[in-house]
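See structure below.
The values are calculated or read from the model by the stated rules, or taken from the named source; none is laboratory data. This one's a predicted model, so the numbers in the text were calculated from it and none came from an experiment. Here Cβ is always computed from backbone atoms with ideal geometry, including for glycine, and neighbour counts include all displayed protein chains. Keep in mind that these areas ignore ligands, DNA and RNA; they rest on the heavy atoms of the full protein, side chains included. Shrake-Rupley method; radii C 1.70, N 1.55, O 1.52, S 1.80 Å.
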Amino acid sequence: MSANTLEVNRTRFRFDDQDAVWLFGYGSLIFKADFPFLERRSASITGWSRRFWQGSHDHRGTLEAPGRVVTLIETPQARCQGVAYLVSPQVFEQLDFREKNGYLRFSTDMTFHDGNQTQGLVYIATPDNSAFLGPANEREIALQIATAAGPSGPNADYLLHLAESLRSLGDHDAHVFEIEIHLRQALK
Ligand code: BEZ
């Protein structure tokens, strides 16, 4: 699949009679909400793990030296903590453009902090997209992140912001926090 998912996403969901849609964010959407929203709530989804397995050559890296950003990988029993935003359907046009480097919208169930559940959408970069990098150990990932930078800034800022935001949510994501330790050493 081509990395540019802009056109595919436009045809994926119809929001005919919906005034507002829940969007689950597990990566940059947690700390960079540059879109209007009606409500923001701590939430989680099950069956998925957050992994720095997606290449970024349009935000946190370049074609020659891609950065690494998060996607979700199917993992039975796992729970991924993040943030849910209630947004108007128009917001997806803006987000489809921002996340056009391999991310497709999927429907998902999500659970709010208070235990209530709802359905919404989530952006996932699946392994068949051409920017997908796949697994590497946490130290290797940190070393790649330490040197990558793109139009949205240093890849290191992305990881450090995400780790800080997850701590604020009370989450302990072992994958992210281990990369953070190696990254802080590499940046010294
Ligand atoms: C997110 O934070 O949910 C997100 C991450 C990457 C692409 C799109 C959304």
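Need the C-alpha centroid separation for segment 120-147 versus segment 11-36, integer Å.
That distance is 21 Å.
Normalising by the residue count of the chain, find the relative contact order in percent from Cα pairs under 8 Å and 6+ residues apart. Please list the in-between numbers first.
Working: 385 pairs, mean separation 53.8, N = 188.
About 29 percent, as a whole number.
Taking only DSSP H segments of four or more residues, each worth -39500 (n - 2.57), what value at 222 nm results for the chain once the sum is divided by all its residues, to the nearest 500 deg cm²/dmol?
Value at 222 nm, helices only, nearest 500: -8500 deg cm²/dmol.
Determine the percent antiparallel among the DSSP beta bridges restricted to the chain, to the nearest 5.
Bridges in the chain that DSSP calls antiparallel: roughly 90 percent.
May I ask you to give the average projected area over all directions of the convex hull of the Cα atoms of segment 6-186, in nm² rounded to one decimal?
Hull-based average projected area comes out at 10.0 nm².
What is the spread of the Cα atoms of segment 30-82 along each of their three principal axes, largest first, in whole Å?
Result, largest extent first: 36, 33, 10 Å.
Fully extended, how many nm does the chain gain between F13 and D114 (0.36 nm per residue separation, minus their Cα-Cα distance)?
Gain in length upon complete extension: 33.6 nm.
If packing is taken as the average number of other Cβ atoms within 10 Å across a peptide's residues, how do 21-28, 169-176, 148-155 rank, most packed first?
The densest-packed peptide leads the list: 21-28, 148-155, 169-176.
With a 1.4 Å probe and all protein chains left in place, how much accessible area per residue does the chain have, in Å²?
Accessible surface, normalised per residue, equals 49 Å².
Please list 127-138, 90-101 highest first by mean number of surrounding beta-carbon atoms within 10 Å per residue.
Values: 127-138: 14.6, 90-101: 17.4.
Top to bottom by mean Cβ count within 10 Å: 90-101, 127-138.
Can you find, among L166, V91, I179, the residue farthest towards the positive end of the dipole of segment 6-186? Put +1 on the C-beta of Lys and Arg, -1 on that of Asp and Glu.
I179
On the accessible surface of the chain, probed at 1.4 Å, how many percent belong to carbon and sulfur atoms?
Carbon-and-sulfur percentage of accessible area, whole number: 51.
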